[in-house]
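Student: Quick one: the structure is below, and I'll ask about it shortly.
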Amino acid sequence: MENKIIDTKITAEVVNQFEFNGEFIHIEPLGQGHINSTYAVYFRRETVPPIRYVLQRINTSILKNPLALMKNIEGVTNHLRKKIMEAGGNPDRETLTIVKTKDGKLFYEDGDKECWRAYLFIEDATCYQSAEKPGLFYNSAKAFGRFQKLLSDYPAGTLSETIEKFHNTVNRYKNFEKAVQEDRMGRAKDVQKEIEFVKARKDDCGIVLDLIEKKEIPLRVTHNDTKLNNIMMDNETNEGICVIDLDTVMPGSVFYDFGDSIRFGASSAAEDETDLSKVYMDINLFKEYVEGFLSEAGETLTKKEYELLAFSAKLLTLECGIRFLTDYLEGDTYFKIHREHHNLDRARTQFKLVADMEEKMEMMNEIVMSHCKN
């Protein structure tokens, strides 16, 4: 079922399963998500304005264990609600609020074995696809930094891994090596430069995992998809008020969230730009994100985490490039493509960013360490 299609089954069966407040009015598609099907559900109430809820069909082909997924989200959002209330905030706006089924469950499984969940709708806030207004990137950094800070005392080891080995860069490298060796599409001969680029950075892939294993850096709750469009921005202040899309919340490292934010948000060009002369990491955007992120999360990070924060931007960019190149070698089976060599183009932009970050690493480290609070 595509997001644009309203299946009558949703209103007839699914909507009635949840503890929604009021008389059902209508349902409409919501957002631009690529994984789950998302809808806004409207209800009429007698003495107050209509209320909206978010209803989602969970894509269980990717998120294979909906119970573990929803228990992760319940645990994290309950923790956030407590912290927000202690600080005098509004938890209904500042974190996701799960609406349970009428029999008290976290999701509903329909007759077709499809799983549905619901949240309160966060009003008077906008989800932006790009930093189209001044300060949005900085505010997104603050929001993700606050998310990290509020969850810094959460027992990360109790969370389930909703997507196995998602940011396991060692495993990503092994998959890459296997793709090169098998060369099932006969493409390896034409991308030797890119293959050698990855092989030259093999040792980088194990650094974070080794530190976690040796307990030299803490295991933390990480969001793992820290793009601008996963934050609700207040319509009046443009402040990031709520981090959303918690499907990939798992145990990990702060490096995963910070590094991927820089990879995606501080690039000068689109992820699939074919003119590599346009691709570089904008050091001013890097500085802006560092300042925003550390203004919230700074006091919770260890000295070792500060020392490798800049490196994490390179590592997560390298990891993403490895994934694109691996998929290209395997025949474009994971990432959707819209033209020939699309995944190769994506890999090349990531590798150009990696090379640019390597040249700027000393400057990047200086920026981070100038904010070190430990």
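The values are calculated or read from the model by the stated rules, or taken from the named source; none is laboratory data. What you see is a predicted model, and the numbers here were worked out from it, not measured in a lab. Note: ideal-geometry Cβ built from the backbone for every residue, glycine included; neighbour counts use all protein chains shown. To get the accessible areas, we keep the full protein, side chains included, count just its heavy atoms, and leave off ligands, DNA and RNA. Shrake-Rupley method; radii C 1.70, N 1.55, O 1.52, S 1.80 Å.
Student: Please go through the range 191-228 and give me each residue that is part of a helix (DSSP H, G or I) and either of a type in the set (A, V, I, L, M) or within 22 Å of Q148 (Cα to Cα) (or both), ordered by number. Give the derivation first.
Tutor: Pass one, the range 191-228, residues part of a helix (DSSP H, G or I): 192-199, 202-213, 228.
Hits for the range 191-228 are I195, V198, I207, V208, L209, D210, L211, I212, E213, L228.
Student: Please go through the range 54-87 and pick out each residue that is open to solvent by less than 70 Å² (accessible area, probe 1.4 Å), more than 17 Å from E164 (Cα to Cα), modelled with pLDDT of 95 or more and not hydrophobic (A, V, I, L, M, F, W, C).
Tutor: Selection gives E74, G75, T77, H79, R81, K83.
Student: Could you say which residue among S277, S295 is surrounded by fewer than 19 Cβ atoms within 10 Å (Cβ to Cβ), in contact with a Lys or Arg (Cβ under 8 Å, 6 or more places away or on another chain) and in a helix (DSSP H, G or I)?
Tutor: S295
Student: A follow-up question, please. Quickly run through the range 90-129 and pick out the residues that are among the hydrophobic types (A, V, I, L, M, F, W, C) and on the phi > 0 side of the Ramachandran plot.
Tutor: Result: no residue meets the conditions.
Student: Mind checking which residues of the range 308-322 are within 12 Å of F351 (Cβ to Cβ) and not hydrophobic (A, V, I, L, M, F, W, C)?
Tutor: K314, T317, E319, G321, listed by residue number.
Student: Of these, I322, I367, which one is farther than 25 Å from K189 by Cβ, open to solvent by less than 70 Å² (accessible area, probe 1.4 Å) and touching a residue at least 12 places away in the same chain (Cβ under 8 Å)?
Tutor: Testing whether each residue is farther than 25 Å from K189 by Cβ, open to solvent by less than 70 Å² (accessible area, probe 1.4 Å) and touching a residue at least 12 places away in the same chain (Cβ under 8 Å) leaves just I367.
Student: Can you tell me which residue in the range 251-271 is farthest from N90 (Cα to Cα), limited to those that are among the small types (G, A, S), touching a strand residue (DSSP E or B) at 6+ places or on another chain (Cβ under 7 Å) and open to solvent by less than 10 Å² (accessible area, probe 1.4 Å)?
Tutor: Across the range 251-271, the extreme among qualifying residues is A266.
Student: Within the range 327-354, can you find the residues that are buried (at least 16 other Cβ atoms within 10 Å of the Cβ), more than 19 Å from N284 (Cβ to Cβ) and over 21 Å from the mean Cα position of the chain (by Cα)?
Tutor: Once the filter is applied, which keeps residues that are buried (at least 16 other Cβ atoms within 10 Å of the Cβ), more than 19 Å from N284 (Cβ to Cβ) and over 21 Å from the mean Cα position of the chain (by Cα), the range 327-354 yields Y328, L329, E330, D332, H341, H342, L344, D345, R348.
Student: Given T248, T237, T302, which one is farther than 30 Å from R187 by Cα, in contact with a Pro (Cβ under 8 Å, 6 or more places away or on another chain) and open to solvent by 10 Å² or more (accessible area, probe 1.4 Å)?
Tutor: Working: T248 fails: in contact with a Pro (Cβ under 8 Å, 6 or more places away or on another chain); T237 fails: in contact with a Pro (Cβ under 8 Å, 6 or more places away or on another chain).
T302 is the lone residue from the list that is farther than 30 Å from R187 by Cα, in contact with a Pro (Cβ under 8 Å, 6 or more places away or on another chain) and open to solvent by 10 Å² or more (accessible area, probe 1.4 Å).
Student: Can you find a residue that is open to solvent by less than 40 Å² (accessible area, probe 1.4 Å) and either under 22 Å from G240 (Cα atoms) or of a type in the set (G, A, S) (or both) anywhere in the range 97-107? Before you say what the answer is, go through the steps one by one.
Tutor: Quick first cut of the range 97-107, residues open to solvent by less than 40 Å² (accessible area, probe 1.4 Å) only: 97-99, 101, 106-107.
Remaining after also requiring either under 22 Å from G240 (Cα atoms) or of a type in the set (G, A, S) (or both): 97-98.
Yes.
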